Amino acid sequence: MNRLNQTSNSSKPSAISKAPILWFNSVRNTDVPVVGGKNASLGEMIHAGLHVPNGFAVTAYSYERFIEETQISKKIYSILQETIKDPNDPTQYEDASKLIRELIEKTPMSKDIESSIRKAYEELNKSFNLKDTFVAVRSSATAEDLPDASFAGQQETYLNVKGPDDLIDKVVKCWSSLFTPRAIFYRAEKNFAHDKVFISVGVQKMVNSRVAGVMFTINPVTGDRNEIVIECTFGLGEAVVSGAVTPDGFVINKLTGQIKERRIAKKVVEYIRDPHTGETIQSPITGDRVEKPCVSDEEILALVELARRIEKHYGKPMDIEWAIDNDLSYPDNIFLVQARPETVWSKTMEKPSVDSKEKVESLNIVVKGISAGKRGYGFGVARVAKTTDEAASIMQKGDILVTDMTNPDFVPYMKLASAIVTDKGGITSHAAIVSRELNIPCVVGTEIGTQVIKSGKEYTVDSRNGIIYEGILKQAQSASGSNNALLHITGDTVDAPVPVTATKIYMNLAIPEMIETYKDLPFQGIGLMRAEFLFANYVKEHPMSLVDKGESQKLVDKFAEGVATVAREIQPRIVVVRFSDFKTNEYRDLVGGEKYEIVEENPMLGWRGCSRYISKWYEKAFRLECQAIKKCRNEWGLKNVYVMLPMVRTLWEAKQVIEIMLQEGLERSRDFKIWFMAETPSIAIMVDEFSKLVDGFSIGSNDMTQGVLMIDRDSERLGQMGYFDERDPAVKRIIAHLIKVAHENGCTVSICGEGPSNLPDFCEFLVRVGIDSISVNNDAVAATRRNVAAIEQKIILERLAEAAAITAGQPLKKPVPDWEW
């Protein structure tokens, strides 16, 4: 393994623990609430076996502690309310930002958090045998890089940071960048509550880039899913992302790897690390490097293969940042430093097309550039603004913004524009990405646009063909009155055609507020709503602490509020709420938890789930959870709320839990179902008896695999050796047995682990043995539904072929599956 992506020796903490630091190799995509979108994605790529530089995250919990313990949170939100009176006035966002950032940056960090950061940095140094390694310090907001919004560039990034003191300073600056003018504006536009978005900070080993760039697994201009687009330049990739340079561009056929288009730019500057000071500097490019491609064909094909792997893993078009290290040799020198969902074309049903150059009336062509943004026309009065201050003084609604390049501070003014033109940048630059999301025509990389376009004159921007005309085209005026605007209807929503499946597709959910983002995905209900996040984000205190303080109703109300947020939004689709399944070490992390929790050597196999509910140390708190469910159903009429009991080990404990639920008014009926999580071998072996107590089961494939194979699912060593695999014949046999016997006893069976979405052959096994429903994470809903539809059709065709063969007197010989006894 290369030094640059070595992993830490730190043990893996729980994704919902309140640790101040988490190493990248310990987090996954599901950990966005803890480490933000950027850091969660890095951890996800590491788990997928991709080449990612090592590092760690300063968690959102550290930031939350910082603003709460120092009591500046109320001041922050008060400044926002008092300063921003007119949401359309950019100067008010700037005033609020200045006050809040000064407040955050002058407030001392908690000593224990600072100590944790210093220790983690020291450990990172040791892993590379360096005293002070260069790191990139990047903000990672907890609402970042969601499928329907690109938060890229809203907070700040610091490169070539060296030494613990400099690192601490940059972490605080990243925290304060949660309140840059652009970030405040963007959250307001996307309806994200400011007090619901926290920030994590990623600290990652710097790649000493010879060349770096961005690639899309979909053509971001045309929407062609069969193309990969790569843009890159010499030096650090931030020059490409920010639009500071016009990059080299390549369009590649995703299926064949053929390089279809090459655009080699004149590269005059690069951003590199100063060999003497270590700071990031702008250095001139001279000689033949000016017009030389910055990557070889061999490197392009290697990047294409990585792009294919990433898109396959995530199941959707992706926007990927990468770098090639100057100090290492091919192919170990190619690193992935970020991956996020593409946020524009993946949401539209408009079919990709290649437009021919349209015939237009005779108007003067002022300048040409690279097509970006919405494919169409924008017209109006041009405003040339080199800075945001200039933009603030001259931009009006409907003007054309003409500038050297945009950065996130320009977003409020981009929002006003009918079109955008820049001198620099490519189709993956800031201007291009934001204009696509704002659905605004844009032409980038004109080189001389700010020189030849005159403020106050009328122009037409043709973003289909990358041309700016003097005056206003008739075609542009007629198009503006038609209904030919891009349809922002996601191909993965309930409004779009989706295959019909006999197997129901449910979605897993942790954060209640996110249902607003995901509600239109083609799922048929929430198959797993995790109560742990209600405790961590709503209640925030150990349940027994509230009981002892006489504040039981607070738990009931907060718990019910979180469940109702989801149930109301998607009714009549069901919401299966899993009662709390914290382990003892996780409960200890809640406020007041140490008083009530024991220390266990192996909490995974310890006091959790049903054993906790029936114990004298927790029963009162479990009754409060039951009361919260009853409140949702009886007081608020949310009859689509069902419940699920986790970690069921024995019949006698299951019966005791059911009895407690009955006492609290939760009784099985035609419109209220109770499920058991099937995580233990015992529940599968005794499924005929357990079936008498419930309506259904939901297989927790991770815990079931752990139990059947006696494997610690968090063991990195065993994972690397290939032991942890839901497809092991022993696991498949016990699952097949559970489904068969449950059906014989009138119970349904679902599954809520990651196996079906990550392992297509495991998904096929589940469908073949008759699983009733599959519950997956939001990013896998549509892909899983399509996969299941294909599998079901395959099974139908196989059965037709078998029937035909039997009729013909030539029955087919079928191999015995490895899951059959």
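For the stretch 114-149, taking the residues that are assigned to a loop (DSSP other than H, G, I, E, B) and open to solvent by less than 10 Å² (accessible area, probe 1.4 Å), the one that is modelled with the highest pLDDT is identified as Thr133.
Hey, could you check the stretch 47-71 for residues that are assigned to a loop (DSSP other than H, G, I, E, B) and without any contact (Cβ under 8 Å) to a residue 24 or more places away in the chain and say which is nearest to the chain's Cα centre (by Cα)? Checking each candidate, the answer is Gly49.
For the stretch 459-553, the helices (runs of 4 or more DSSP H) that sit wholly inside it and include 1 or more residues that are over 29 Å from Pro317 (Cα atoms), in contact with a helix residue (DSSP H, G or I) (Cβ under 9 Å, 6 or more places away or on another chain) and at pLDDT 90 or above are 543-548.
The set of residues in the stretch 734-754 that are in contact with a strand residue (DSSP E or B) (Cβ under 9 Å, 6 or more places away or on another chain) and either without any contact (Cβ under 8 Å) to a residue 12 or more places away in the chain or of a type outside the set (A, V, I, L, M) (or both) comprises His743, Cys747, Thr748, Ser750, Cys752, Gly753, Glu754. Here is the figure for the stretch 423-443: residues that are over 15 Å from Arg182 (Cβ atoms) and out of contact with any Cys (no Cβ under 8 Å at 6 or more places or on another chain) total 12.
Applying the condition of being of a type in the set (S, T, N, Q) and under 14 Å from Asn758 (Cβ atoms) to the stretch 28-39 and asking which residue is surrounded by the fewest Cβ atoms within 10 Å (Cβ to Cβ) yields Thr30.
In the set Leu99, Leu103, Leu80, Leu42, which member is in contact with a His (Cβ under 7 Å, 6 or more places away or on another chain) and either open to solvent by 10 Å² or more (accessible area, probe 1.4 Å) or not small (Gly, Ala, Ser) (or both)?
Leu80
Within the stretch 569-585, being part of a strand (DSSP E or B) and touching a Ser or Thr at 6+ places or on another chain (Cβ under 9 Å) holds for Val576, Arg578.
Kindly establish whether Arg768 is among the basic types (Lys, Arg), more than 22 Å from the chain's Cα centre (by Cα) and either open to solvent by 40 Å² or more (accessible area, probe 1.4 Å) or closer than 16 Å to Gly527 by Cα (or both). Criteria met by Arg768.
Kindly evaluate Ile272 against the criterion of being farther than 18 Å from Pro331 by Cβ and either surrounded by fewer than 16 Cβ atoms within 10 Å (Cβ to Cβ) or of a type in the set (A, V, I, L, M, F, W, C) (or both). Yes: the conditions hold for Ile272. Of everything in the stretch 636-680, what is surrounded by fewer than 20 Cβ atoms within 10 Å (Cβ to Cβ) and not in a loop (DSSP other than H, G, I, E, B)? Give them in sequence order. Across the stretch 636-680, the qualifying residues are Leu651, Trp652, Glu653, Lys655, Gln656, Ile658, Glu659, Ile660, Leu662, Gln663, Ser669, Phe672.
Every condition in (1) part of a loop (DSSP other than H, G, I, E, B); (2) under 27 Å from the mean Cα position of the chain (by Cα); (3) modelled with pLDDT of 90 or more holds for Val566 except the one numbered (1). Take the conditions (1) at pLDDT 95 or above; (2) closer than 24 Å to Lys583 by Cβ; (3) surrounded by fewer than 22 Cβ atoms within 10 Å (Cβ to Cβ); Arg713 misses just one of them, which is (1).
So, Asp404, is that one of a type in the set (Asp, Glu), more than 21 Å from Glu470 (Cα to Cα) and open to solvent by 20 Å² or more (accessible area, probe 1.4 Å) or not? No: the conditions fail for Asp404.
Pull up the stretch 447-461, narrow it to residues that are in contact with a strand residue (DSSP E or B) (Cβ under 7 Å, 6 or more places away or on another chain) and open to solvent by 10 Å² or more (accessible area, probe 1.4 Å), then point me to the one that is farthest from Arg383 (Cα to Cα).
Among those residues, the one meeting the criterion is Ile448.
Which of the residues that make up the stretch 185-229 are modelled with pLDDT under 85 and among the β-branched types (Val, Ile, Thr)? Result: Val197, Val221, Thr222. Does Trp617 qualify as being part of a loop (DSSP other than H, G, I, E, B) and either of a type in the set (Gly, Ala, Ser) or touching a helix residue (DSSP H, G or I) at 6+ places or on another chain (Cβ under 6 Å) (or both)? No. In the set Glu600, Glu625, Glu594, only one residue is in a helix (DSSP H, G or I) and open to solvent by 10 Å² or more (accessible area, probe 1.4 Å); that residue is Glu594.
Results for (1) open to solvent by less than 30 Å² (accessible area, probe 1.4 Å); (2) closer than 21 Å to Met647 by Cα, shown as yes or no for each residue.
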site	(1), (2)
Ser545	yes, no
Glu561	no, no
Ala567	yes, no
Ala621	yes, yes
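None of Ser371, Ser346 is closer than 25 Å to Cys294 by Cα and either open to solvent by less than 30 Å² (accessible area, probe 1.4 Å) or modelled with pLDDT of 55 or more (or both) except Ser371.
Within the stretch 285-315, the residues that satisfy the criterion of being at pLDDT 90 or above, surrounded by fewer than 18 Cβ atoms within 10 Å (Cβ to Cβ) and among the acidic types (Asp, Glu) are Asp297, Glu298, Glu305.
The values are calculated or read from the model by the stated rules, or taken from the named source; none is laboratory data. These figures come from a predicted structure and were not determined experimentally. Please note: Cβ atoms are built from the backbone with ideal geometry, for glycine as well, and neighbour counts cover all protein chains shown. Calculation scope for accessible area: heavy atoms of the full protein, side chains included, ligands and nucleic acids excluded. Shrake-Rupley method; radii C 1.70, N 1.55, O 1.52, S 1.80 Å.
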